[in-house]
Amino acid sequence: MSQPERAEISRRTFLAAGVAVLATAGLGLHGCTPPAGDESEASGNQGGANMQADLYFENGAVITANEQNAVAEAMAVEDGRIAFVGSAADGQEYRKAAGSVIDLQGKTVMPGMIDGHIHTASPDFFDFSLIGLTSADDMLKTIREYVGSHPDKETYSGFGYSASLFSGEELAHGPKKERLDEISADKPILVYSFDGHGAWLNSKAFEYLGITKDTASTPGGQIVKDENGELWGILADSAMSLAADYPFDRESLPQALTEYLAHLNSLGYTSLFSPPGNGFMPLPADAYQKLADQGDLTVRVRGAGIVTSWQTDDDLRKLDELKAAHNGDLFKINAAKFFTDGVMDNESALLLEPYTDNPDRYGDAGWRQDALDEAVAAVNRRGLLAHLHAIGDGGVRMALDAIEYAEQNVPDDRARNAITHLQLVAAEDIPRFAELNTVAVVDPYWHLKTPQYWEPKEKAALGERAERMYPMKSLADEGAVLASASDYPVTANPNPFEAIEAGVTRNLVNGEEYGVPDIADMDDPAYLLWPEERVDVQRMVRSFTADAAWALGMEDETGSLEAGKSADFIVVDQNVLDVEPLAIKNTRVLATYLQGKKVYDTEEAEAQRS
């Protein structure tokens, strides 16, 4: 690819140019004060018809994430849109006309955060959660206590087991059904893994679902069995779809969804891309639509349907129905989710070279290449983007090959297809992301040697390849668009500022989460992963704002603070561009606004809790 072509691709990572604004120095919410001048000046808009404002923010930093990555001094909001961003001097007429002037007192305004891949599910959707537990004994104790204290329930569902907390064969295959049989022999128990790629069942749950040792698995999945061909206790990857009819408390969904979105607002999110999960986390499209119709949706949601290799035509028909039914401003179906492979945990991620601890195994492909090619092209012909899960370098290559086929066979294709997770990427495939206009949806939360996980799982499975996981800088340097994502609830705490810090440091962010001490030096070697792939804080901010908006086709509406765009923004207590890297995670969201309406206020939230 020529340098001019690469430059053009790189240019796509930025949004259309807005107003050039002045950088400010020495910056870092409290209260609204009346605007300067008397009441007649404020309400009469002495600046003229084009200088009205409901809100005017001053005395702080305004990180715009525009094409110039400018930092401004002031911002005005009128009727849900940004009316002005620029210097304090240039904003005086807006200030005079504003209904409220907000003194930032050195705090910072920045675009609302956008999660590029987050599931609409949380541990609250299930009976019990194992997230945060650090031993197999603690997990089993939690399950036993819940079942014992709820004897009237007919079925039990949980979330968050981790195979890495077991040993021997259970470390490789997941925990056995007999462990759950000891807790309940007469009622079904089903527990989903923390990464969404495994389900742990007791014998009664297999019976409830009609799954036997003779049941055929779905492509790219596995009904795990022991050496005698008997059920082990685990449904892996796409085989989890066999448990799709397992009940959970749908009556709690409306309240759980509202609480889920409120939590995301408190973390600074104003937009998200929510795909379905692997058999158990379908997108609750009707619930989202109801919130949107009622005017109660507090985030901008782009969603996806799923397309599988074993019922592709039916999935495409359902996708057409979803797209037609959900095409609003705040909630819209704009994509299809594909699984090209599995995960590293159970060695189902598809590799170009075999697993280090299992030299005969390369992982599992969820598709034949020709079928995936045609399916991605079919999605793009519908005007939708393809969002492909790929963990292993073999899975990433399959995904890129399918996108290349679609690029060559869909006339006037403008879909911004994406590949997510990207644990291993072959060096020769790095430039293809920019060449194929493919978004790299990365999960910076995972870009470190995770305590209690990297050594027993990733290092054992990959050998030296485990030292070179999760590229970012090399993708960006080649012109790829980076969009950051949490994959929540796989990431238990989807705080974007923790991810920004992890992207900058490639090191431990929150030691307490793993029961280990925090680091004091970003170069501390204990958990440092491939430091050459660190990216600067500005690019990390863009990966959660402007570039994430571009990836989802929303760059004309949101993602940066520029005149004319929706007033989707947050107020935080420090300027992340200026603080020490290990302090980025401490950034606190003080207020969150969607379309100019405050949807979260930290003082109000704290008052309600007290």
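Listed values, structure above:
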quantity: Strands (runs of 3 or more DSSP E) within the stretch 535-610 that include 1 or more residues among the hydroxyl-bearing types (Ser, Thr, Tyr), assigned by TED's automatic domain parsing to the domain that holds Val71 and touching a helix residue (DSSP H, G or I) at 6+ places or on another chain (Cβ under 6 Å); calculated: 589-594, 597-601
quantity: Members of the stretch 181-227 found to be in contact with a Pro (Cβ under 9 Å, 6 or more places away or on another chain) and among the hydrophobic types (A, V, I, L, M, F, W, C), listed by number; calculated: Val191, Phe194, Trp200, Leu201, Ala205, Phe206, Leu209
quantity: Residues (part of a loop (DSSP other than H, G, I, E, B), within 27 Å of the chain's Cα centre (by Cα) and of a type in the set (Phe, Trp, Tyr)) located in the stretch 148-205; calculated: Phe194
quantity: Considering residues of the stretch 399-422 that are in a loop (DSSP other than H, G, I, E, B) and under 19 Å from the mean Cα position of the chain (by Cα) only, the residue surrounded by the most Cβ atoms within 10 Å (Cβ to Cβ); calculated: Asn417
quantity: Single residue of Gln255, Gln294, Gln289 found to be polar (S, T, N, Q), in the same structural domain as Phe497 (by TED's automatic domain parsing) and more than 30 Å from Ala499 (Cα to Cα); calculated: Gln294
quantity: Single residue of Val425, Val396 found to be assigned to a loop (DSSP other than H, G, I, E, B), modelled with pLDDT of 95 or more, buried (at least 24 other Cβ atoms within 10 Å of the Cβ) and in contact with a helix residue (DSSP H, G or I) (Cβ under 9 Å, 6 or more places away or on another chain); calculated: Val425
quantity: Residue in the stretch 590-597 that is surrounded by fewer than 24 Cβ atoms within 10 Å (Cβ to Cβ), closer than 27 Å to Leu291 by Cβ and aromatic (Phe, Trp, Tyr) present; calculated: yes
quantity: Answer residue from the stretch 477-499, given it is in contact with a Ser or Thr (Cβ under 8 Å, 6 or more places away or on another chain) and part of a helix (DSSP H, G or I) and is surrounded by the fewest Cβ atoms within 10 Å (Cβ to Cβ) among those; calculated: Phe497
quantity: Some residue of the stretch 507-522 being in contact with a Gly (Cβ under 9 Å, 6 or more places away or on another chain) and either of a type in the set (S, T, N, Q) or closer than 11 Å to Tyr445 by Cα (or both); calculated: no
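For (1) of a type in the set (Lys, Arg); (2) touching a helix residue (DSSP H, G or I) at 6+ places or on another chain (Cβ under 7 Å); (3) on the phi > 0 side of the Ramachandran plot, each residue gets a yes or a no:
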position: Ala74; (1), (2), (3): no, no, no
position: Glu93; (1), (2), (3): no, no, no
position: Ile118; (1), (2), (3): no, no, no
position: Ser129; (1), (2), (3): no, yes, no
position: Gly132; (1), (2), (3): no, no, yes
position: Tyr146; (1), (2), (3): no, no, no
position: Leu165; (1), (2), (3): no, yes, no
position: Gly168; (1), (2), (3): no, no, yes
position: Ala172; (1), (2), (3): no, no, no
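The values are calculated or read from the model by the stated rules, or taken from the named source; none is laboratory data. In this text, all values refer to a predicted model and were calculated from it rather than measured experimentally. All Cβ positions, even for glycine, are placed from backbone atoms using ideal geometry, and neighbour counts span all protein chains on display.
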